[in-house]
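Here's the structure, in structure tokens; my notes come after.
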Amino acid sequence: GAARFVAVSDVSEPLDRLVADLQDAMREPIQCQGEHISLRCSIGVVQEHIASADAAALMRCSDLALIRAREAGGGRCRFYDEGMDVEIRRMHALRGDFARALADNELELFYQPKINLVDHKVSGVEALIRWRRADGYMAPGEFFPAIEHTDLMRELDWWVMSEALRHSSVWMAQGKLIPVSVNLSAMTLRHESFLPRIQALIMRHPIPDGHLELEVLETVSQKEAEEIVHKLESCREFGISIALDDFGTGASSLVHLQQLPFDTIKIDQRFVRKLLKAPGNEAIIRSMISFAHYTGRKLVVEGVESQPIWDRLLEIGCTSGQGYAISAPVSASGLMDWLAEREETVALKSA
Ligand code: C2E
Ligand code: CA
Ligand code: CA
């Protein structure tokens with residue numbers, strides 16, 4: 001392959017010794033156009049007595065081990081074992097099931113309300129995908145590994161956007177103006193068809209400006225910045241808002257982030273959930289609040305799980321949030337019940 005090599009050896013020395021020697025040899029700096037370059041390599045090893053001995057099977061098994069070595073962060077080595085096969089087969093089966101579920105309408109959008117932490121007014125909802133299965137709903141964390149980096153991920157994103165806009169139109173017809181946020185994966189945003197498709201979608205479901213928000217991950221924006229910046233700017237011209245999701249987890253520099261076209265910062269729940277336990281998190285949140293303030297962006301915190309966290313967030317100046325202490329993600333009809341119940345409580349309080 002392009003930068004892939006196969007070594008076959010009748011090993012007499014211990015295997016881990018051989019692997020270490022190979023890695024050392026790769027790391028040896030080489031001279032290239034006057035510069036010293038040092039390379040890293042990932043290694044996948046298969047031993048003949050573990051897999052069946054034909055060449056194709058050995059190649060496939062070493063490839064699986066190589067994939068695992070790369071996933072472990074690169075520069076590592078992994079030995080093939082049968083568990084890897086079982087896992088790959090499980091992923092294949094899940095992918096097939098998911099493709100069928102998408103075609104058979106077994107997916108459902110749940111919505112998590114986002115509120116003003118001071119006056120409790122609902123400012124929008126985030127659409128979160130769920131897969132309806134015989135044994136209950138499956139959350140994305142369980143099936144994304146099977147569809148990530150495949151066309152199914154893009155298909156899912158378009159299904160979600162169109163379904164969220166459909167729900168939103170129904171709510172509008174009932175007199176409820178609820179802005180909807182949708183998570184967008186990097187591969188959908190990068191695809192050349194992104195802009196024409198989103199424009200067509202907006203024409204089909206006309207909505208007020210700022211009513212649809214796309215949540216993109218901070219890491220998306222660092223790579224291929226120019227092309228993505230242009231796409232995000234065009235979205236804003238169509239009246240779509242942009243939020244940078246999981247802010248603070250992608251290790252982008254603030255100088256870089258500041259230049260990106262987005263309206264809202266979403267502070268990742270991992271800083272918020274442990275707000276009261278790890279003082280470092282409060283310092284990080286405070287610095288994000290200043291960043292949002294000075295660059296004129298809105299700020300939303302995720303993971304408001306308890307009243308003490310809620311109270312502390314208010315003390316340090318966060319006024320918009322979502323999390324289990326407000327509401328877990330609920331079905332579309334559940335959302336309507338939740339809203340009605342709140343209206344009642346607010347009415348009772350003011351009576
Ligand atoms: P995210 O965008 O960070 O979404 C928030 C996740 O945190 C959701 O998990 C939500 O259920 C969970 N959550 C909400 N409040 C709390 C809380 O107070 N405490 C804790 N511990 N968790 C809370 P979910 O629905 O499992 O989604 C996981 C991730 O999957 C999302 O993270 C998002 O990145 C992705 N995702 C979800 N739906 C979609 C989708 O329709 N399209 C795409 N592309 N990605 C999606
Ligand atoms: Ca999100
Ligand atoms: Ca998030």
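Is at least one residue of segment 229-239 within 20 Å of Gly124 (Cα to Cα) and within 15 Å of ligand 1 (Cβ to nearest atom)? Step through it out loud before you land on a result.
Looking only at segment 229-239, we keep the residues that are within 20 Å of Gly124 (Cα to Cα), and these are 235-236, 238-239.
With the extra rule that they be within 15 Å of ligand 1 (Cβ to nearest atom), the set shrinks to none.
The answer is no, given that none of the residues of segment 229-239 is within 20 Å of Gly124 (Cα to Cα) and within 15 Å of ligand 1 (Cβ to nearest atom).
Can you name the residue in segment 127-173 that is small (Gly, Ala, Ser) and surrounded by fewer than 17 Cβ atoms within 10 Å (Cβ to Cβ) and is also farthest from Ile207 (Cα to Cα) among such residues?
Start the filter on segment 127-173 by keeping residues that are small (Gly, Ala, Ser), which leaves 127, 134, 136, 139, 141, 146, 162, 164, 168-169, 173.
From what is left, the residues that are surrounded by fewer than 17 Cβ atoms within 10 Å (Cβ to Cβ) are 134, 136, 139, 141, 162, 169, 173.
Details: Ala134: 35, Gly136: 33, Ala139: 28, Gly141: 30, Ser162: 12, Ser169: 8, Ala173: 11 Å.
It comes out as Ala134.
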Exercise. What do you reckon, is Val300 assigned to a loop (DSSP other than H, G, I, E, B) and among the β-branched types (Val, Ile, Thr)?
Worked result: no
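Looking at Tyr111, Tyr137, can you tell me which residue is among the aromatic types (Phe, Trp, Tyr), touching a residue at least 60 places away in the same chain (Cβ under 8 Å) and within 18 Å of Val330 (Cα to Cα)? It would help to see each step written out before you state the result.
Values: Tyr137 fails: touching a residue at least 60 places away in the same chain (Cβ under 8 Å).
Residue meeting the stated conditions: Tyr111.
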Exercise. Can you find a residue in segment 60-72 that is closer than 28 Å to Asp85 by Cβ, in contact with a Leu (Cβ under 8 Å, 6 or more places away or on another chain) and surrounded by 13 or more Cβ atoms within 10 Å (Cβ to Cβ)?
Worked result: no
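Determine, yes or no, whether Val229 is surrounded by 20 or more Cβ atoms within 10 Å (Cβ to Cβ) and either assigned to a helix (DSSP H, G or I) or within 16 Å of ligand 2 (Cβ to nearest atom) (or both). Talk me through it step by step, then tell me what you get.
Values: surrounded by 20 or more Cβ atoms within 10 Å (Cβ to Cβ): no; either assigned to a helix (DSSP H, G or I) or within 16 Å of ligand 2 (Cβ to nearest atom) (or both): yes.
Answer is no for this residue.
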Exercise. Tell me, which residue of segment 275-292 that is surrounded by 16 or more Cβ atoms within 10 Å (Cβ to Cβ) and within 16 Å of ligand 1 (Cβ to nearest atom) is modelled with the lowest pLDDT?
Worked result: Leu275
For this session: Pull up segment 243-259, narrow it to residues that are open to solvent by less than 10 Å² (accessible area, probe 1.4 Å) and either at pLDDT below 90 or more than 14 Å from ligand 1 (Cβ to nearest atom) (or both), then point me to the one that is farthest from His230 (Cα to Cα).
Result: Phe247
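The values are calculated or read from the model by the stated rules, or taken from the named source; none is laboratory data. Quantities reported herein were computed from a predicted structural model and do not represent experimental measurements. All Cβ positions, glycine included, derive from the backbone under ideal geometry; neighbour counts span all protein chains shown. Just the protein is used for accessible areas: all its heavy atoms, side chains included, with ligands, DNA and RNA removed. Shrake-Rupley method; radii C 1.70, N 1.55, O 1.52, S 1.80 Å.
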